[in-house]
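Enquirer: Take this structure first; my questions come after.
The values are calculated or read from the model by the stated rules, or taken from the named source; none is laboratory data. Bear in mind that the values here come from a model prediction, so they are computed numbers and not experimental data. Here the Cβ is made from the backbone with ideal geometry for all residues, glycine too, and neighbour counts use every protein chain on show. Quick note on the areas: whole protein, heavy atoms, side chains included, nothing else; ligands and nucleic acids left out. Shrake-Rupley method; radii C 1.70, N 1.55, O 1.52, S 1.80 Å.
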Amino acid sequence: MSFPINRPRRLRRTETIRRMIRETRLSPDNLILPMFVCAGRGVKKAVTSMPGVAQMSVDNIVAEARETWAAGVPAVILFGIPERKDAQGSEAWNDNGEVQRAIREIKERVPGMAVITDVCMCEYTDHGHCGALTGNDVDNDATLELLTRSALSHARAGADIVAPSDMMDGRVGAIRSALDGNGFNHVAIMAYSAKFASAFYGPFREAAESAPQFGDRRSYQMDPPNGDEAMREVALDLEEGADIVMVKPALPYLDLIWRVKHEFNVPVAAYNVSGEYSMIRAAGINGWIDEERATMEVLTSIKRAGADLILTYFAKEVARKLRA
Ligand code: PBG
């Protein structure tokens, strides 16, 4: 039956009615805040390419984690910015490294908060690639050992979830067996399963000081046009023991978030990455867009596409707004 019997506008007439039939509801429970941990005390160094985001020393990270928890956000994901980089990225498994200290401090002072750690070599290697090099090639199998060392070090510090973001083949299985073999079978793995070689990581590389010193990441991160391959990557990570799978970036890949959710029916995370964040911020600062509404619309669309969890630099502000 159609017009004039049917008038969809009837259910859009008042805010109360719209509220009653709203299909997708964003909640602070869905959000994860990424944070950048650096050395020192009292450090809060603004990242110019990401207005509102800063590299922070452990003391400030804890303060920020506490505020974020108070706003209703259940989890943070930590990225480390080591003082010392080398070819292997050995600071990544230093039990007294920035990330490891931040994990211990957050678990002690904000005990309810779930702590997730990014497991990747790119912030720790002097060449900026996500693994060990053999010549100019990122050596897959040699990298697995380095990743398991970092994941174990994070687990020893008390991480609840480790999140490998390097896109090496077999890393989820390698990390799962290392965790299980060392008394950490309770530590979950959130795999960056469908991570694309994206232009939208640009601002993050300033934040994490992790730009590759030569070449690019296209021999390990996925080619943006490939959707079926993303499903194969997800299937492999699940077989290897991933508890949560991720699609990254989020907005240009909403179709894949949808496919993963519907083809696999497992917990799905989506990373609303630095470039997606900075575009909205920049347009907001210039007065070209209503930043708050644009942010809500984007995050809601990611959830509508099927994401259970959204990693976003807007997490704290959005959680506050949702609770207001
Ligand atoms: C790699 C990593 C990257 C991001 C998260 N983990 C960057 C990259 O692959 O170069 C990007 C996150 C963002 O852009 O917000 N360790």
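Enquirer: When only alpha-carbon atoms are used, what values of Rg and Dmax, in angstrom, describe the chain?
Expert: 20.0, 71
Enquirer: Taking the convex hull of the Cα atoms, report for the range 169-238 its projected area averaged over all directions, in nm². Provide the component values of the computation, followed by the final result.
Expert: On the way: hull surface 24.3 nm².
The number I arrive at for the range 169-238 is 6.1 nm².
Enquirer: Now a separate question. Between helix 274-285 and the chain, what is the angle of the helix's C-alpha long axis to the longest principal axis, kept within 0 to 90° and rounded to the nearest 10?
Expert: 50 degrees
Enquirer: Of the residues Ile189, Ile106, Ile17, which exhibits the maximal mean-square fluctuation in a Gaussian network model of the chain defined by a 10 Å Cα contact cut-off?
Expert: Ile17
Enquirer: To the nearest 500 deg cm²/dmol, what mean residue ellipticity at 222 nm is calculated for the chain from DSSP H runs of n ≥ 4 alone, each contributing -39,500 (n - 2.57), summed and divided by the residues? Display every interim value, and only then the final one.
Expert: Details: 11 runs with 127 residues, N = 324.
Calculated from helices alone, the mean residue ellipticity at 222 nm is -12000 deg cm²/dmol.
Enquirer: In terms of Cα to Cα distance under 22 Å, which lysines are near enough to Lys316, apart from those fewer than 8 places away along the same chain?
Expert: Partners found: Lys44, Lys45, Lys107, Lys248, Lys303.
Enquirer: Using a 7 Å offset from the Cα along the Cα-to-Cβ direction at both Asn6 and Asp243, what is the distance between the two label points in nm, to one decimal?
Expert: Inter-label distance under the simple model: 4.5 nm.
Enquirer: From the phi angles alone, apply the Karplus equation (6.51, -1.76, 1.60; θ = phi - 60°) to the range 71-78 and give each ³J(HN,Hα) in whole Hz, x where the residue is Gly or Pro.
Expert: 6, x, 7, x, 8, 10, 10, 9
Enquirer: So, with a 1.4 angstrom probe, what is the percent of accessible area on the range 167-324 that is carbon and sulfur? If you can, show how the numbers build up before the last one.
Expert: On the way: 3490 of 6870 Å².
It is 51 percent, rounded to a whole number.
Enquirer: Sequence gap at least 6, Cα distance under 8 Å: using those rules, report the relative contact order of the range 167-324 to the nearest whole percent.
Expert: Details: 208 pairs, mean separation 37.6, N = 158.
Relative contact order here is 24 percent.
Enquirer: Oh, and also: For the range 26-323, what relative contact order do you get, as a whole percent, if you take Cα pairs closer than 8 Å and at least 6 residues apart?
Expert: It comes to 20 percent, rounded to a whole number.
Enquirer: What's the longest bit of the chain with no exposed trypsin sites (Lys or Arg not before Pro), using DSSP loop states and at most 13 other Cβ atoms within 10 Å as the test?
Expert: On the way: sites that count: Arg13, Arg22, Arg25, Arg41, Arg84, Arg218.
Result for the longest clean stretch: 85-217.
Enquirer: What is the percent carbon and sulfur in the accessible area of the range 37-108, measuring with a 1.4 Å probe over the protein chains and ignoring ligands?
Expert: On the way: 1470 of 3000 Å².
Within the range 37-108, the accessible surface is 49 percent carbon and sulfur.
Enquirer: Determine the per residue accessible area of the chain with all protein chains present and a 1.4 angstrom probe, expressed in square angstrom. Intermediate values should be presented prior to the final figure.
Expert: Numbers: 14530 Å² over 324 residues.
Here the per-residue accessible area is 45 Å².
Enquirer: Identify, among Cys38, Cys130, Met1, the residue whose Cα sits farthest towards the positive end of the charge dipole of the chain, taking +1 on the Cβ of Lys and Arg and -1 on the Cβ of Asp and Glu, with the dipole about the Cα centre.
Expert: The residue sitting farthest along the positive end of the dipole is Met1.
Enquirer: Of Asp169, Asp290, Asp243, which has the largest mean-square fluctuation in a 10 Å C-alpha GNM of the chain?
Expert: With Cα springs under 10 Å in the chain, the top fluctuation among Asp169, Asp290, Asp243 is at Asp290.
Enquirer: If I build a Gaussian network model for the chain, linking alpha-carbon pairs within less than 10 angstrom, which residue out of Leu251, Leu11, Leu26 has the largest mean-square fluctuation?
Expert: So, out of Leu251, Leu11, Leu26, the one fluctuating most is Leu11.
Enquirer: To check you understand DSSP bridge types, tell me what percent of the beta bridges within the chain (both residues inside) are antiparallel, rounded to 5.
Expert: On the way: 5 of 40 bridges.
So the antiparallel bridges in the chain amount to around 10 percent.
Enquirer: Test of understanding: given the chain, find the longest segment containing no chymotrypsin sites (Phe, Trp or Tyr not before Pro) that are in a DSSP loop and have at most 15 other Cβ atoms within 10 Å.
Expert: Details: sites that count: Phe214, Trp288.
The reported range is 1-213.
Enquirer: Next up: Stretch Phe214-Asp139 to full length: gain in nm at 0.36 nm per residue minus the Cα-Cα span?
Expert: Details: separation 75, 0.36 × 75 = 27.00 nm, distance 1.53 nm.
Stretched fully, the Phe214-Asp139 segment lengthens by 25.5 nm.
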